[in-house]
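Visitor: Dropping the structure in here first, questions after.
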């Protein structure tokens with residue numbers, strides 16, 4: 001039971017005891033309403049003003065009953081509220097300690113800086129895809145929302161180096177900066193790059209000037225939600241079928257079809273083979289849409305004679321079984 005419910009329970013018990021006292025003095029002593037309320041008040045609060053009228057033996061026994069229950073209720077109220085406060089602090093302490101230990105043990109996770117409207121969607125999307133996520137947020141309201149989701153989080157300012165370290169920036173696979181201020185995104189990007197030189201950094205920018213600054217700070221990609229949204233809406237009008245197919249391939253969980261990126265690891269049996277000789281279409285059923293070379297050059301719709309190399313990233317379209325088979329072939 002939370003502290004609010006316990007508090008209202010105590011208030012209810014006090015009210016019940018007060019009403020019983022008033023009714024008792026009226027019924028036993030035959031007093032008026034005001035005298036009964038006053039006698040009940042000085043009895044329950046133990047102020048000791050004395051009897052306002054001489055009490056009958058029955059009235060004295062009733063007063064003893066009222067005093068005992070009043071003191072008992074007071075002790076119960078103090079104990080219950082103290083217990084609720086202590087339980088809340090202890091529970092919060094152990095919960096935070098457990099979360100800190102879990103974050104400390106993470107490797108190759110993603111960090112999301114900011115849990116606003118965009119950050120919430122990013123965290124939920126990454127989590128649904130499998131990799132662990134740690135959110136950095138300082139807004140108390142957003143923290144309460146995070147507690148409901150079960151997503152790991154660090155409470156604090158993402159621009160601070162110690163907070164990034166607490167989130168495991170050095171061990172992370174990448175970080176997404178979607179803070180409210182472009183200046184904060186620049187500073188966070190700069191700090192994250194210094195702490196994890198090889199990590200992937202994606203940041204949000206509201207204008208082209210900020211985009212250039214964030215790229216200079218070390219971001220791998222800078223995205224403007226306004227531009228992306230505008231282009232997406234334009235494509236929905238100009239090429240609705242294409243847009244619908246891409247949404248199904250990238251986002252749908254009902255359709256057994258997806259677009260994935262798959263890294264060619266050192267020692268992969270695919271390394272050194274052409275797409276034709278690898279015979280991926282027959283073996284896995286996937287379609288190779290593009291290949292990104294280690295130099296980050298993107299080759300769209302590569303020819304069958306293209307030779308796959310270590311460090312290449314294959315963009316493939318297929319069902320879950322075929323993509324899993326391709327992952328096995330791409331690994332060493």
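Visitor: Please specify each residue of the stretch 228-246 satisfying the condition of being within 28 Å of residue 294 (Cα to Cα) and surrounded by 13 or more Cβ atoms within 10 Å (Cβ to Cβ).
Guide: 246
Visitor: Just for the stretch 303-332: of the residues that are crowded, with 19+ Cβ neighbours inside 10 Å and outside any helix (DSSP H, G or I), which one is modelled with the lowest pLDDT?
Guide: Only one residue tops the list, namely 318.
Visitor: Is it the case that residue 262 is in contact (Cβ under 8 Å) with a residue 60 or more places away in the chain, closer than 15 Å to residue 326 by Cα and surrounded by 12 or more Cβ atoms within 10 Å (Cβ to Cβ)?
Guide: yes
Visitor: What are the pairs, 6+ residues apart or on separate chains, where a residue within the stretch 78-97 that is surrounded by 10 or more Cβ atoms within 10 Å (Cβ to Cβ) has its Cβ under 6 Å from a residue that is modelled with pLDDT of 65 or more?
Guide: The qualifying pairs are 80/6; 84/6.
Visitor: Select from the stretch 94-143 the residues that are part of a strand (DSSP E or B) and under 19 Å from residue 223 (Cβ atoms) and write down the one among them that is nearest to the chain's Cα centre (by Cα). Lay out the reasoning, then the answer.
Guide: Step one: of the stretch 94-143, the residues part of a strand (DSSP E or B) are 110-113, 133-137.
If we keep only those that are under 19 Å from residue 223 (Cβ atoms) as well, we get 110-113, 133, 135-136.
Details: 110: 13, 111: 11, 112: 9, 113: 11, 133: 8, 135: 6, 136: 9 Å.
For the stretch 94-143, the residue satisfying everything is 135.
Visitor: Enumerate the helices (runs of 4 or more DSSP H) found wholly within the stretch 152-234, keeping only those where 1 or more residues are over 27 Å from residue 100 (Cβ atoms) and assigned by TED's automatic domain parsing to the domain that holds residue 116.
Guide: Qualifying helices (runs of 4 or more DSSP H): 182-195, 208-217.
Visitor: Please specify each residue of the stretch 11-32 satisfying the condition of being at positive phi and in contact (Cβ under 8 Å) with a residue 24 or more places away in the chain.
Guide: If the condition is that a residue be at positive phi and in contact (Cβ under 8 Å) with a residue 24 or more places away in the chain, then no residue fits.
The values are calculated or read from the model by the stated rules, or taken from the named source; none is laboratory data. On a predicted model such as this, the values are computed, not experimentally measured, just so you know. Because the Cβ atoms are built from the backbone with ideal geometry, glycine has one as well, and the counts that use them run over all protein chains shown.
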